[in-house]
Amino acid sequence: MAEPSGLFRSTDEHEDEEREEAPRSGLPIKRIAIVCAAIAGVAVLVSGIVYGPTVLRVLQQSDVELRSPDQVGAFTLDKSDDAKDTAEYVRDAIATEVNLDASVGLIYKDQAGSVILVAGTARVWKPEESLKDAFAVVADDSGGVGNVHDVPAGDLGGTVRCGVTTTQDGDLTVCGWADNGSVGVALLPGRQPADAAKTILDLRQAVEHRP
């Protein structure tokens, strides 16, 4: 009897050939796992490069201590009840908006007049944003702080800026600093921005201390 022709081969033989000829699709499980692990490793590396320095600065500056010296150069701490009430009012508003953990409100006086200073500590991840929020509080009814510009931060680093806001009594100079462990803002009536920049640096140096 003649052998069966190709048209009449068994179904099993067709299936075997189809399995042999069909291309393999997808990656093997082990290769998928390796690729995923490599992607995850790259993500961790990139995250460390981008966020590592910020985390390190936050940890280094997280133990800031605030002091309230009676004398800072030509400035004397005003301990009167009126001064305390005014400073505390401003302090409460800024501390709430910027989410400060601990804060002080102080008024210093010299021959040119008074300076209201608010300083607080916190883990500050975005110092520039925190300083912007603090400026917005003190100029809430005055249309904001204009002419904002950076000034040299000195040994303590971070961001230090000064600007001017308009009040019913005229222009009011505002200066402040922010780093990864603290935020401070000073209201300096009757002072020009150039003089105010030196004042905020002197007051910051006296108030902010790191271990």
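Taken over the range 165-174, the criterion of being in contact with a Pro (Cβ under 8 Å, 6 or more places away or on another chain) and surrounded by 19 or more Cβ atoms within 10 Å (Cβ to Cβ) is satisfied by Leu172, Thr173.
Here Leu203, Leu187 are screened, and the one residue that is aliphatic (A, V, I, L, M), buried (at least 21 other Cβ atoms within 10 Å of the Cβ) and assigned to a strand (DSSP E or B) is Leu187.
Is one or more of the residues making up the range 115-129 under 23 Å from Asp70 (Cα atoms) and among the small types (Gly, Ala, Ser)? Yes - at least one qualifying residue is present in the range 115-129.
Just to be sure before I move on: is Ala196 open to solvent by less than 80 Å² (accessible area, probe 1.4 Å), without any contact (Cβ under 8 Å) to a residue 40 or more places away in the chain and assigned to a helix (DSSP H, G or I) in the structure I sent? Judged against the criteria, Ala196 is a match. Across the range 67-103, the number of residues qualifying as touching a Ser or Thr at 6+ places or on another chain (Cβ under 6 Å), open to solvent by 30 Å² or more (accessible area, probe 1.4 Å) and of a type outside the set (Lys, Arg) comes to 2.
Yes/no matrix, rows are residues, columns are (1) within 23 Å of the chain's Cα centre (by Cα); (2) closer than 22 Å to Ser80 by Cα:
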position: Leu100; (1), (2): yes, no
position: Asp110; (1), (2): no, yes
position: Ile116; (1), (2): no, yes
position: Gly163; (1), (2): yes, no
position: Thr167; (1), (2): no, no
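Screening Ser103, Ser68 for residues that are more than 23 Å from Ala194 (Cα to Cα), free of Cβ contacts under 8 Å to residues at least 60 places away in the same chain and not in a helix (DSSP H, G or I) leaves exactly one candidate, Ser103. Whether any residue in the range 114-125 is surrounded by 13 or more Cβ atoms within 10 Å (Cβ to Cβ), more than 12 Å from Val185 (Cα to Cα) and free of Cβ contacts under 8 Å to residues at least 60 places away in the same chain is what I want to check. Scanning the range 114-125, I find no residue that is surrounded by 13 or more Cβ atoms within 10 Å (Cβ to Cβ), more than 12 Å from Val185 (Cα to Cα) and free of Cβ contacts under 8 Å to residues at least 60 places away in the same chain, so the answer is no.
The values are calculated or read from the model by the stated rules, or taken from the named source; none is laboratory data. On a predicted model such as this, the values are computed, not experimentally measured, just so you know. For neighbour counting, all protein chains shown are included, and Cβ atoms are generated from backbone atoms with ideal geometry for every residue, glycine included. With ligands, DNA and RNA removed, areas are computed over all heavy atoms of the protein, side chains included. Shrake-Rupley method; radii C 1.70, N 1.55, O 1.52, S 1.80 Å.
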